[in-house]
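The values are calculated or read from the model by the stated rules, or taken from the named source; none is laboratory data. Nothing here was measured: the structure is a model prediction, and the numbers come from that model. We place every Cβ from the backbone using ideal geometry, glycine too, and count neighbours over all the protein chains shown.
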Amino acid sequence: MIILSIETSCDETSCAVVKDGGEVLSNIIVSQIDIHKEYGGVVPEVAARSHIEVLLPVIDKALKEAKIGWGSVDAIAVTVGPGLMGSLIIGVETAKTLAWTLNKPLISVNHLVGHIYANWIDREVVDFPALCLLVSGGHTILLEIKSHHTITKIGQTKDDAAGEAFDKVAKLLGLGYPGGPVIAEIALKGDETRFNLPRPMTSPLDKKNGNFNYSFSGLKTAVLSIVKEGIRKDEIPDLAASFQQAASDSLVTKVMWYLEKNKDIKTVMLAGGVAANINLRETLKAGLDKTEFKGSFIYPEIKYCTDNAAMIGVAVFYNQNFVDPLSLEAFPSGIGRLLS
Ligand code: KG4
Ligand code: ZN
């Protein structure tokens, strides 16, 4: 089955051609980072306009790179939400029009489910039950995946998403946008033990109460207080490294707590933009090595962690949600179907 997939939920315009739920024949991504950089974050109206300008050429390029024509496409898949409404509409309306005029089936995909399925790219088997830490710019959710159709939420952030915290802290430290990659880079030169930052919601009482939720706004405020007190320029790498380690520790702690109680988990996986963070991967690996967990620890290749259409084309292979091209509508918020 050959899927042409479209992803425009935020500031990346992407189209991919994916074969049989794992083989990526092409994955074109046009990032708007340079456009939004000067504003220090994504400007929704500008993002939508930019998707309009580049989406059709991106689709053409995806077909060319996959060396196929429309005749070989079995279905069109599109991200329907969550995301920025203006951005989503461009992808959804384009997909609807293509499906209707070319008489192809149309499949809608939840963006978060797409992130999870990036773990299936170039990998045939993922053993269930799996525990997934989904960490992106808009969401931070711990999920148990019992089967392709049973994805259950265990906990989620009560305020900022992990990626949002990286972005806001980078702005506070004057490091630019997007925050995740710049903090990760500057943190390489820093000492993560230099500043004592909080690990919110990880107290023994939280553990006793089975609190699998996250919170990052207090951590961000702690960084802000240090900045307000005044730090030298040469201390910024230490503060970035200390923040990154506190964020990783907070995220990983809940994974460890869940594994302690659920010994049947066979796979632990990361997904979403923050899954690209090497410190998070290493902190989780180190945590798992200290437990009796004998399953697999997996995460997508860095290029499939952040927003891309390939993950959307993979997700539909396992979760086909055929829709009427005339009635599909984008949903900007909420986590939607498949995540109970
Ligand atoms: O999944 P994604 O591309 O978009 C959303 O669905 O939100 O995630 C984007 C987020 C941004 O907040 C960005 O700062 C973060 O992922 N990110 C990272 C890294 N690369 C991207 N965070 C930490 N370390 C990274 N290397
Ligand atoms: Zn995303």
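Couple of notes before you dig in:
- Residue count, the stretch 308-321 (criterion: part of a loop (DSSP other than H, G, I, E, B) and more than 15 Å from ligand 2 (Cβ to nearest atom)): 3
- Pair list, Cβ under 7 Å, 6 or more apart: the stretch 56-76 residue of a type in the set (D, E, K, R), other residue not in a helix (DSSP H, G or I): LYS61/ILE28; GLU65/SER26; GLU65/ILE28; ASP74/MET1; ASP74/ILE2; ASP74/ILE3
- Filtered by the rule that a residue be within 17 Å of the chain's Cα centre (by Cα) and without any contact (Cβ under 8 Å) to a residue 24 or more places away in the chain, the stretch 11-47 gives SER31, GLN32.
- For the stretch 187-236, a tally of residues being within 14 Å of ASN279 (Cα to Cα) and either within 25 Å of the chain's Cα centre (by Cα) or outside the structural domain of LYS168 (by TED's automatic domain parsing) (or both) returns 3.
- Residue match in the stretch 93-106 (condition: in contact (Cβ under 8 Å) with a residue 24 or more places away in the chain and within 16 Å of ligand 2 (Cβ to nearest atom)): no
- Qualifying residue in the stretch 3-10 (condition: within 15 Å of ligand 2 (Cβ to nearest atom) and modelled with pLDDT under 95): yes
- Residue that is nearest to ligand 2 (Cβ to nearest atom), among those in the stretch 109-138 that are of a type in the set (Gly, Ala, Ser) and crowded, with 23+ Cβ neighbours inside 10 Å: SER136
- Annotation for the stretch 283-293: no member residue is aromatic (Phe, Trp, Tyr) and within 15 Å of ligand 2 (Cβ to nearest atom).
- Output for the stretch 53-82, where each listed residue is farther than 28 Å from HIS36 by Cβ and loosely packed, with under 15 Cβ neighbours inside 10 Å: LYS67, GLY69, TRP70, GLY71, SER72, ASP74
- Evaluating ILE151 against the criteria (1) touching a strand residue (DSSP E or B) at 6+ places or on another chain (Cβ under 7 Å); (2) more than 16 Å from ligand 1 (Cβ to nearest atom); (3) under 22 Å from ILE59 (Cα atoms) leaves one unmet condition, (3).
- Among the residues of the stretch 232-250, those identified as of a type in the set (A, V, I, L, M, F, W, C) and either modelled with pLDDT under 95 or touching a Gly at 6+ places or on another chain (Cβ under 6 Å) (or both) are ALA240, ALA241.
- Meets criteria (within 20 Å of the chain's Cα centre (by Cα), within 17 Å of ASN308 (Cα to Cα) and within 16 Å of ligand 1 (Cβ to nearest atom)) for VAL169: no
- Subset of the stretch 155-175 that is within 16 Å of ligand 2 (Cβ to nearest atom) and of a type in the set (A, V, I, L, M, F, W, C) - its residue that is nearest to VAL255 (Cα to Cα): ALA162
- Selection within the stretch 302-329 - of a type in the set (Asp, Glu) and in contact with a Cys (Cβ under 8 Å, 6 or more places away or on another chain): ASP307
- Strands (runs of 3 or more DSSP E) contained entirely in the stretch 1-98, each with at least 1 residues that are closer than 18 Å to SER333 by Cβ: 2-7, 75-81
- Condition met for SER50 (surrounded by fewer than 24 Cβ atoms within 10 Å (Cβ to Cβ), of a type in the set (Ser, Thr, Tyr) and modelled with pLDDT of 95 or more): no
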